[in-house]
Amino acid sequence: MTKLTKIIYFIFLSFYFLFFQSVNAQEKIKIGLLVPMTGDNKEIGDSIIKAVGLAVKDIDNNSIEIFPKDTATKANQTLKSAFELSEMGIKIVIGPVFYESLTYLDEMKDLTFLSLTNKTLDLPKNVISAGINSTSQFNTIKKFLKKNDIKRTMFLTPIQDYEFEVKKGIKNSKIKVYKDYEYNTEPTKLTKQIEEITNYRVRKQNLEDEIQRIKNSNDPNKEKKIKRLEKRYSLGGLNFDAIVIADFNEGLKSVSTSLLYTDVLPENKHFITLNQWFDQSLLNETDIQPLYYPSINKENFDNYKIKYFNEFNEEATHLSLLSYDLVGLVYYLSLNSTKENLNKIFKRKNTFKGKIGIFDVKNNKINHRLNFYKIQEKKIIEIF
């Protein structure tokens, strides 16, 4: 090849790559959005649509196009809307929001769905759970237990529709289980079960026996000892160091109250629960504090809520934050893939940092690296 030929050849290559990059730069990133736009959950859908629009605005790239479709929180309507998105040439979809809407989506094999559900069991192969799943939460709890050298942890799980998700999270995280119990959420049954789990009757009888023994003794200080014992409710050590309560809202408060009744106190045993989304009502439950739990980054969440409120003059939800981040995730992954291969990129290992925290993507699964918090003296305190 002559020198002139080489120059022409390299000029041609330069123009080719410039042209190729220009075409790629203009290629639209089409993202479907499946949310309830009618029905009881319309407000949730509206907030997600706003959050997605806010994310597109913040990314500030006109190559992103969002196509919202209604699910009406019904599986058949979700399938119909998914088919319409597929007909438009869309390959990646944010949504649906609820697990119940996923039923027929395995029929849409050319689409990949980033559902906002945190459930991971029995998902269609083309659905990726993007919610804060139990594995992510137990991975974080495991880290806390290890940091504090907590050896014996008891797990309490309500008999609810998510108990198998909890079991899967425990298994996937390989967290060390000292004892594991399931409990009935009906109040009278719950109290009785907690008494049995904590061996309360035996410990209470131990106290009564010890008081009687001292009364019958010749101990010169027996009056002081008896008064001290009478302030207690039970006697005898509990053979666990921490207790994980896989419950929420009033259920969490009921279990915690039953533990207090059986003389299991948070100042002696670590009370740990699952992600509570910074439930403000827990700040006033001083009797069950300190209370520990994993969650998304609070500072990021607070900053996002300010941004959202300033834009729309209404309060943001955690689902809207998750949707906001998923737009950024899709955009980030799109920079490294063509739209035809975008669904395959979720099988490869990727890490993405969003407002909610850090996403780890691999084998069609999304896990979150969470922070860990405690509520103490009516304050939320970050542990790590």
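Summed over segment 124-138, residues that are part of a helix (DSSP H, G or I) and more than 13 Å from Val244 (Cα to Cα) total 2. Considering segment 183-240, the residues that are among the β-branched types (Val, Ile, Thr) and within 28 Å of Tyr162 (Cβ to Cβ) include one that is surrounded by the fewest Cβ atoms within 10 Å (Cβ to Cβ), namely Thr188. Restricting to segment 280-300, and then to whatever is touching a helix residue (DSSP H, G or I) at 6+ places or on another chain (Cβ under 7 Å) and surrounded by fewer than 20 Cβ atoms within 10 Å (Cβ to Cβ), can you tell me which residue is farthest from Gly95 (Cα to Cα)? Per the stated criteria, the residue is Asp287. Filter segment 192-227 for residues that are within 26 Å of Leu260 (Cα to Cα) and outside any helix (DSSP H, G or I) and give the result. Those that are within 26 Å of Leu260 (Cα to Cα) and outside any helix (DSSP H, G or I): Thr198, Asn199. Taking only pairs six or more apart or across chains, which ones have beta-carbon atoms under 8 Å, a first residue in segment 180-191 that is touching a residue at least 40 places away in the same chain (Cβ under 8 Å), and a second residue that is among the aromatic types (Phe, Trp, Tyr) and surrounded by 13 or more Cβ atoms within 10 Å (Cβ to Cβ)? Note: pairs meeting the criteria are Leu190/Tyr183; Thr191/Tyr261.
Per the listing Glu285, Glu311, the residue uniquely at negative phi and assigned by TED's automatic domain parsing to the domain that holds Asn148 is Glu285.
From the list Lys204, Lys109, the lone residue that is within 30 Å of Ser334 (Cβ to Cβ) and at pLDDT below 95 is Lys109. Does segment 349-363 contain at least one residue that is surrounded by fewer than 16 Cβ atoms within 10 Å (Cβ to Cβ) and at pLDDT 95 or above? No: segment 349-363 contains no residue that is surrounded by fewer than 16 Cβ atoms within 10 Å (Cβ to Cβ) and at pLDDT 95 or above.
Checking segment 152-162 against the condition returns no match, with no residue being touching a strand residue (DSSP E or B) at 6+ places or on another chain (Cβ under 9 Å) and within 25 Å of Leu329 (Cβ to Cβ). Does Thr38 qualify as being modelled with pLDDT of 95 or more and surrounded by 18 or more Cβ atoms within 10 Å (Cβ to Cβ)? Here the answer is no, as Thr38 does not meet what is asked.
Scoring Glu165 on the criteria (1) acidic (Asp, Glu); (2) more than 17 Å from the chain's Cα centre (by Cα); (3) under 25 Å from Phe98 (Cβ atoms); (4) surrounded by 13 or more Cβ atoms within 10 Å (Cβ to Cβ) leaves a single failure, condition (2). If the condition is being assigned to a helix (DSSP H, G or I) and among the charged types (D, E, K, R), then segment 228-258 contributes Arg228, Glu230, Glu250, Lys253.
When residues of segment 71-111 are filtered for being assigned to a strand (DSSP E or B) and either surrounded by fewer than 20 Cβ atoms within 10 Å (Cβ to Cβ) or not assigned by TED's automatic domain parsing to the domain that holds Val35 (or both), how many remain? Going through segment 71-111 one residue at a time, the tally reaches 0.
Selection over segment 129-140 of residues that are of a type outside the set (Ser, Thr, Tyr), surrounded by fewer than 24 Cβ atoms within 10 Å (Cβ to Cβ) and touching a helix residue (DSSP H, G or I) at 6+ places or on another chain (Cβ under 6 Å) gives a count of 1.
The values are calculated or read from the model by the stated rules, or taken from the named source; none is laboratory data. Note that the structure is predicted; figures quoted are calculated from it, not measured. All Cβ positions, even for glycine, are placed from backbone atoms using ideal geometry, and neighbour counts span all protein chains on display.
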